[in-house]
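Just so it is clear, none of the values below were taken in a lab; they were calculated from the coordinates. As the structure is a prediction and not an experimental result, all values here were calculated from the model. Note that we place each Cβ from the backbone using ideal geometry, even for glycine, and neighbour counts take in every protein chain shown.
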Amino acid sequence: MRRGIIGGTFDPPHLAHLIVAEAARTSLDLDVVTFIPAGAPWQKEGRGVSHRDHRWAMTCLAIAGVAGFEPDDREVVRDGWSYTAETLETFSGDELFVILGADAASRLRSWHRPNDVLAASAIVAAPRPGTTRADVEAAVGDHHWLDVPDLPISGTGLRAMRREGRSIRFYVREAVFRYVEENELY
């Protein structure tokens, strides 16, 4: 199976995540794109991310009913920090494609066991503000570059909008928007 893996904090999962995942699925002929929220995102320690249960629920809502997308809770239920290298080891027999924003891809060498991530998967990068394809090439070498618009949507920005009393409707799927509102997140 050709499996795309899109992981992250998903706090909240937004339309850029979905657009990038669909672009990867179709352009790389992936059988499935697996969305894996980080249970304990070590690179965001002390930055006040929402509880893993909220992020898991929002991820499920974000991709509900989307053919070719599936949620996976293996990092949410695992104790300790969430490391991509360890997660990739739990997939057996699949051809793996790790889908990242260019900003994250350009920082991959700072990750836990980056060489294991590169050995276990192909890297797929999507444009992100402030990071070029050359930046990604310098960090990870060969990779797949997605032909999608540079979408300046981020969880950080959406959380800030909520704190300022602004609406995030239409930056996220409606079910995620309702969940954020009902649970008074951010």
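Length gained on full extension, VAL148 to ASP73: 24.3 nm, using 0.36 nm per residue less the C-alpha separation.
Quick note on region 2-152: its Rg to Rh ratio, both from C-alpha atoms and Rh being the Kirkwood radius, is 0.92. Under 19 Å from a label point 7 Å along Cα→Cβ of ASP29: give me every residue in region 80-122 with its amide N that close. Label zone hits: 94-98, 122.
Applying both filters, DSSP loop and at most 10 other Cβ atoms within 10 Å, to the GluC sites (Glu not before Pro) of region 1-110 gives GLU45.
Positive end of the dipole of region 2-152 (Cβ unit charges, origin at the Cα centre): among LEU96, PRO149, VAL66, the Cα lying farthest that way belongs to PRO149. Placing pseudo-labels 7 Å out from each Cα toward the beta carbon at ALA40 and THR132 gives an inter-label distance of 3.9 nm.
Dipole of region 2-152 computed with +1 at Lys/Arg Cβ and -1 at Asp/Glu Cβ about the Cα centre; of VAL49, VAL76, ALA120, farthest Cα towards the positive end is VAL49.
As a proxy for reagent exposure, ASP72, ASP53 were ordered by neighbouring Cβ count within 10 angstrom, fewest first; the result is ASP53, ASP72. Dipole magnitude for the chain: computed about the Cα centre from +1 point charges on Lys and Arg Cβ and -1 point charges on Asp and Glu Cβ, it is near 580 debye. Dipole check for region 127-185: with +1 at the C-beta of Lys and Arg, -1 at the C-beta of Asp and Glu, and the Cα centre as origin, the magnitude is about 300 Debye.
Grouping the Cα pair distances of region 1-67 into 5 Å bins from zero gives a pair-distance distribution of 3, 17, 27, 22, 16, 9, 4, 1 percent in increasing distance order.
Along region 160-169 the Karplus relation, 6.51 cos²θ - 1.76 cosθ + 1.60 evaluated at θ = phi - 60°, assigns HN-Hα couplings of 5, 4, 4, 4, 7, x, 8, 7, 10, 4 Hz to successive residues, with x for each Gly and Pro. Loop-located trypsin sites (Lys or Arg not before Pro) in region 131-183 (DSSP state not H, G, I, E or B) with no more than 16 neighbouring Cβ atoms inside 10 Å: ARG166. Distance between the pseudo-spin-label points of MET161 and ARG178 (7 Å out from Cα toward the beta carbon): 1.9 nm.
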